[in-house]
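Please treat every number below as a calculation from the coordinates, not as lab data. Model, not experiment: these values are computed from the prediction. Please note: Cβ atoms are built from the backbone with ideal geometry, for glycine as well, and neighbour counts cover all protein chains shown.
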Amino acid sequence: MLVALLILSTAWSLMREAAHVLLEGVPASLDRDLIAKDLEATVKGVREVHHMHVWSLDGTSNMATLHACLNDGVDPHMAVSAIKKRLAAKHGIDHATIEPEFGLCADSHDEHDHHHDHDHAHAPRDRRHYH
């Protein structure tokens, strides 16, 4: 009976870890919010990071996709290169796909998309989206 319980508990733990990897969950060692803040604070020309996804396909190699809003005049190739180097060196993310942006996010949907002849204020929205 004791052996069966030991096998069951070990199997449950392995199944939970395997399901997390197979469902492409965020690795427990990584925090998307902290990574985004780190990139904004340390990579020159990066104004904001959003639409960030972090996952692992095998439990050891980490991957990320993100949108990086860049300041005007920043060379996008240099910014993407700097982001990839920072992700690898500081956060252990081996592969990253980065979409550089200037101005509004290409994926944003303006919730107030109508035309009229009067002005009115809208509450600011937090543009940071994590999935």
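Structure summary
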{"quantity": "Candidate set: the stretch 36-64, residues that are of a type in the set (A, V, I, L, M) and surrounded by fewer than 16 Cβ atoms within 10 Å (Cβ to Cβ); chosen: the one nearest to PHE102 (Cα to Cα)", "calculated": "ALA41"}
{"quantity": "Residue list for the stretch 26-75, filter: under 8 Å from the mean Cα position of the chain (by Cα) and of a type in the set (Gly, Ala, Ser)", "calculated": "ALA36, ALA64"}
{"quantity": "Members of the stretch 67-85 found to be under 19 Å from GLY103 (Cα atoms) and out of contact with any Lys or Arg (no Cβ under 9 Å at 6 or more places or on another chain), listed by number", "calculated": "HIS67, ASP72, GLY73, ASP75, PRO76, HIS77, VAL80, ILE83"}
{"quantity": "Subset of the stretch 93-107 (residues that are surrounded by 14 or more Cβ atoms within 10 Å (Cβ to Cβ) and assigned to a loop (DSSP other than H, G, I, E, B))", "calculated": "CYS105"}
